[in-house]
Amino acid sequence: MTLKIYLRKHPGIWRGVLSVLTILLGWECYIQGKIWLGYPSQVPVPSAILARWADVIMEGSYWMSWYSSYSRVLAGFAIAMLLGIPFGLLLAVNRTSRALFFPVFEILRPIPPLAWVPASLIFWPTQEMSIIFVIFLGSFYAVVINVLGGAKNVDIRYLRAAQSMGANQWQLFRRVIFPATLPSIFTGAAVGMGITWEVVVAAEMIAVGGRVYGGGLGFFVWNSFVGGSIEQAVIGMLSIGIAGYTASSLLRYAGRRLMPWHTSQA
Amino acid sequence: MNAAQQKLQQGALSIQDVSKIYDPDGTAVEALSHCSLEIAAGEIYMVLGPSGCGKTTLLNAVAGFHPVSSGRILLDGEVLCNDKTPQAQQNSDRMVVFQNGALFPWKTLLDNVSYGPIVQKRLSPKEAREKAEALLREAGLIDISHKYPGEISSGMARRAEIVRALINEPKVLLLDEPYRAMDALTKAIMHENLLKMYELNPVTIFFITHDLEEAVFLGHKVAIMTTRPATVKEVIPIDLPYPRDHRVLSSEPFRLQVQRVKASVRSEAEKAFAAGEKELA
């Protein structure tokens, strides 16, 4: 009963479920129809994938892949936030640092994170560290650019109002510039988080050779493909999608908690 | 002079021969030209002029947001700015209520209002909240004091912003077209509310507007500004007794005052229209 009420209050949930089921059903019907008409298909059908998935979730190595990828993403992402937020704020409020660091930053920024893989494999002592470094780079730029843009564009009326009320430089930063930049910080985090999942998978395909345990979801996909199980490769793909979705959902949840005022804004 | 004004000793603002030229080495836009105004303590002083004439420039100079090019501004005889120090210090003795509102969106109304006394360390956070609650109650906002600015109407937000200014006990309240873009009915309610707040917390009010009836309804005096570069064309005392309420709007004396002001401001408005002036910041 309570579930029924909950679902009625949140129509987004069952609509979301409906849309996923519709896609799966359409996919199944299309491929089965093709086969029924006599055309062979390499594409696996959802029913076969789900059946295979039921077996896969019993295997420890599958969950180990989740754990490996997730912990790499979180580590790289956390470092990117820890360094990127203060760095972006510094560039925004201090003209000298902007003049010093921004050109270097802008030259490094267009280099795709994956282009760093060979160099970081040589530079960092372990494979793990090089992957985390590449993930860090992937989200760092997005975080810095958004924080910088947000902090530079704080409405001057807020600054003037706070100054008239007697706020000093630190209070201005802590109580006006920082909260005014929070929405941009979360935008940067959301973009950065998206990039980390793109990067982790590719980095794992390149860097983690021959390790069944700790290879991560990227390696899981590649290994399944090489091993000839296309179903399992698709399972890996969908797992990455779900992993990325849960990560973004957590981020959105944190955003709502930290900025209760933001959702209410037009 | 009413009781509220008589209580007031502070807040006399003297603007003497103030000029402001933006970008003097480049385009050299003259926004203010030899403006002089004498505003007595506790007066509601309306500055009326066509859009873009330079009214906000004058307010910003008083608030200390930018320097003047020449002239000086005094508050209770003390120099805020002159030729030597062209930019006045920003201070809580002159609080601004901005055109589009500047409540902090990340703070509830209560936290917005109690912010000033807390950062100035004039009151403890607890005392500041109590005082904020008392003032919000006075303004009829206590029931929504826990809400964020994004959750309330612009009229409510503007009222809260005036309360946020008043809690700092300023000598002068600087209002920059606070009720612009509000519909006539809301505006009328806001006007009565402002006068009520003024009765309870008398303070000198420097009020910029381009709304003629607003100027006559609220002000002790109306200063009419010329089109850019703005200078004072005429100061018209409004001879209508306080407390004023909506009934004043349909009275004969009000209509006559409006006519008088309109005659003075009309030629300026026409000039501004012909020049196709864009608004100055």
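Coordinate-derived values only; no laboratory data. All of these numbers come straight from a predicted model, not from anything done at the bench. A quick note on method: Cβ atoms are made from the backbone with ideal geometry, for glycine too, and the neighbour counts reach across all protein chains shown.
Looking at the square roots a ≥ b ≥ c of the eigenvalues of the Cα gyration tensor of the stretch A:49-263, which shape do they give, rounded for a/c under 1.5, prolate if a/b is larger than b/c, or oblate?
Verdict is prolate for the stretch A:49-263.
Across the stretch A:49-263, Cα pairs under 8 Å and at least six residues apart give a relative contact order of 28 percent.
A crude spin-label estimate for the pair residue B:89 and residue A:17, with each label 7 Å from Cα along the Cβ direction, gives 6.5 nm.
What FRET efficiency comes out for the pair residue B:153/residue A:155, r = Cβ-Cβ distance, R0 = 25 Å, nearest 0.05?
Working: r = 20 Å, r/R0 = 0.79.
In this case the efficiency is close to 0.80.
Mean-square fluctuations from a GNM of chain B, with a 10 angstrom spring cutoff on Cα atoms, peak among B:223, B:134, B:160 at B:134.
In a fully extended conformation the segment linking residue A:242 and residue A:55 would gain 65.5 nm over its present Cα-Cα distance, using 0.36 nm per residue. On C-alpha positions alone, give me the angle between the axis of helix A:95-108 and the longest principal axis of chain A, in degrees, nearest 10. Once rounded, the angle reads 20 degrees. Under the simplified labelling scheme, the residue A:124-residue B:126 pair shows an inter-label distance of 5.1 nm, with each label point 7 Å from Cα along Cα→Cβ.
Quick note on the stretch A:1-43: its Rg to Rh ratio, both from C-alpha atoms and Rh being the Kirkwood radius, is 1.32. Overall form of the stretch B:39-98: oblate. Here a/c, set by the Cα gyration tensor axes a ≥ b ≥ c, is 1.5 or more, and a/b is not larger than b/c. Size descriptor for chain B, Kirkwood hydrodynamic radius: 19.3 Å (Cα pairs only, one decimal). Cα extents for the protein assembly as shown along the principal axes, largest to smallest and rounded to whole angstrom: 93, 58, 53. Label point of residue B:246 set 7 angstrom out along Cα-Cβ; within the stretch B:190-214, amide nitrogens under 20 Å from it belong to B:190-199, B:212-214. Can you pull the one-decimal nm distance between simple spin-label points at residue A:225 and residue B:79, each 7 Å off the Cα toward Cβ? So the label points at residue A:225 and residue B:79 sit 7.7 nm apart.
Where a ≥ b ≥ c are the square roots of the eigenvalues of the C-alpha gyration tensor, would you call the stretch B:86-162 rounded, which needs a/c under 1.5, or, failing that, prolate if a/b is larger than b/c, or oblate?
In terms of gyration-tensor shape, oblate.
For q values of 0.18, 0.26, 0.29 Å⁻¹, compute log₁₀ I(q)/I(0) with the Debye formula on a Cα-only model of the stretch B:103-148, without solvent. So the normalised log intensities are -0.46, -0.90, -1.04.
Would you pull out the residues with amide H under 5 Å of residue B:221's amide H, same chain only if 5 or more places away, H placed 1.01 Å from N? The list, which skips near neighbours in sequence, is B:44, B:46, B:238. On the basis of the beta-carbon distance and an R0 of 25 Å, residue B:143 and residue A:9 show a calculated FRET efficiency of 0.45.
Under Stokes-Einstein, with the Kirkwood radius over Cα pairs standing in for Rh, what whole-number D in µm²/s applies to the stretch A:1-82 at 37 °C and 0.692 mPa s?
It diffuses with D of about 197 µm²/s by this estimate.
Cβ crowding within 10 Å ranks A:56, A:201, A:147, A:43 as A:43, A:56, A:201, A:147, fewest other Cβ atoms first. Each Cα pair under 8 Å and six or more residues apart adds its separation to the average, and for chain B the resulting relative contact order is 26 percent.
Hydrodynamic estimate: the Kirkwood radius of the stretch A:136-183 over Cα pairs, inserted into Stokes-Einstein at 37 °C and 0.692 mPa s, corresponds to D of 286 µm²/s. Sorting B:65, A:140, A:220 from the fewest to the most surrounding beta carbons within 10 angstrom yields B:65, A:140, A:220.
Per-residue extension of 0.36 nm, minus the Cα-Cα distance of residue B:186 and residue B:273, leaves a gain of 28.6 nm for this segment. Note on A:235, A:242: ascending count of other Cβ atoms within 10 Å places them as A:242, A:235, the fewest first. Simple rule: put +1 on each Lys or Arg Cβ and -1 on each Asp or Glu Cβ in the stretch A:49-263, find the dipole, and look at A:165, A:49, A:68; the Cα lying farthest toward the positive end is A:165. Straightening the chain between residue A:98 and residue A:71 buys 6.5 nm, computed as 0.36 nm per residue apart minus the Cα-Cα spacing.
Among B:120-128, B:51-59, the peptide with the highest mean count of other Cβ atoms within 10 Å heads the list, and the full ranking is B:51-59, B:120-128.
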